[in-house]
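What follows is a short report on a single structure.
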Amino acid sequence: MAIVIFPFIFLLDRRYEQDKYLLNHENIHIKQAAEMLVIPFYVWYGVEFLIRYLRYKKFRKAYLNVSFEREAYRNEQNLHYLNSRKLWAFRKYI
């Protein structure tokens with residue numbers, strides 16, 4: 001369990017420091033935020049989450065369907081993803 005407040009990753013528990021997939025997931029979010037100049041990333045995330053929540057009526061389902069999360073979850077186990085990730089790659093997950 002973690003959250004990105006650019007440029008930092010905050011972990012719920014120190015034992016997550018060793019979870020390479022969780023850290024990769026969060027680093028994908030760092031890259032997403034950086035390429036969107038940070039504030040627009042959080043605005044887009046919030047708006048998209050709200051739209052998904054209104055559609056699905058379930059917090060977890062809305063969260064999992066935000067394009068940024070879809071990209072991060074689908075690629076978190078590919079530890080080389082950030083080396084080959086194209087600019088604005090999250091768009092294909094909208």
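Among the residues of the stretch 23-32, is any surrounded by 15 or more Cβ atoms within 10 Å (Cβ to Cβ) and either at pLDDT below 95 or acidic (Asp, Glu) (or both)? Lay out the reasoning, then the answer.
Step one: filter the stretch 23-32 for residues surrounded by 15 or more Cβ atoms within 10 Å (Cβ to Cβ), giving 23-32.
Narrowing further to those that are either at pLDDT below 95 or acidic (Asp, Glu) (or both): 26.
Yes.
Among (1) in a helix (DSSP H, G or I); (2) within 12 Å of the chain's Cα centre (by Cα); (3) closer than 18 Å to Tyr63 by Cα, where does Glu48 come up short?
Unmet for Glu48, out of (1) in a helix (DSSP H, G or I); (2) within 12 Å of the chain's Cα centre (by Cα); (3) closer than 18 Å to Tyr63 by Cα: (2).
Can you find a residue that is part of a helix (DSSP H, G or I), on the phi < 0 side of the Ramachandran plot and touching a residue at least 40 places away in the same chain (Cβ under 8 Å) anywhere in the stretch 1-17? Even if it seems obvious, please write down each step before you answer.
Residues of the stretch 1-17 part of a helix (DSSP H, G or I): 14-17.
Filter again for on the phi < 0 side of the Ramachandran plot, leaving 14-17.
Filter again for touching a residue at least 40 places away in the same chain (Cβ under 8 Å), leaving none.
The answer is no; no qualifying residue exists.
Can you list residue pairs whose Cβ atoms sit under 8 Å apart, with the first residue in the stretch 72-86 being farther than 14 Å from Gln32 by Cα and at pLDDT 95 or above and the second being in a helix (DSSP H, G or I) and basic (Lys, Arg)? Count only pairs 6 or more apart in sequence or on different chains.
Sorted first by the residue in the stretch 72-86, then by its partner, the pairs are Leu79/Lys20.
List, please: which pairs have Cβ atoms under 8 Å, are six or more places apart or on different chains, and start with a residue in the stretch 31-43 that is over 17 Å from Lys86 (Cβ atoms) and free of Cβ contacts under 8 Å to residues at least 60 places away in the same chain and end with one that is aliphatic (A, V, I, L, M) and surrounded by 14 or more Cβ atoms within 10 Å (Cβ to Cβ)?
Close Cβ pairs satisfying both conditions: Tyr42/Ala33.
Is at least one residue of the stretch 58-78 charged (D, E, K, R), farther than 12 Å from Val4 by Cβ and not in a helix (DSSP H, G or I)? Steps first, please.
Of the residues in the stretch 58-78, the ones charged (D, E, K, R) are 58, 60-61, 69-71, 74, 76.
From what is left, the residues that are farther than 12 Å from Val4 by Cβ are 58, 60-61, 70-71, 74, 76.
Imposing the further condition that a residue be not in a helix (DSSP H, G or I) reduces the set to 58, 76.
Yes: the stretch 58-78 contains one or more residues that are charged (D, E, K, R), farther than 12 Å from Val4 by Cβ and not in a helix (DSSP H, G or I).
The values are calculated or read from the model by the stated rules, or taken from the named source; none is laboratory data. Here the structure is a predicted model, which is why all the values come from computation and not from measurement. Cβ coordinates were reconstructed from backbone atoms using ideal geometry, including for glycine residues, and neighbour counts include every protein chain displayed.
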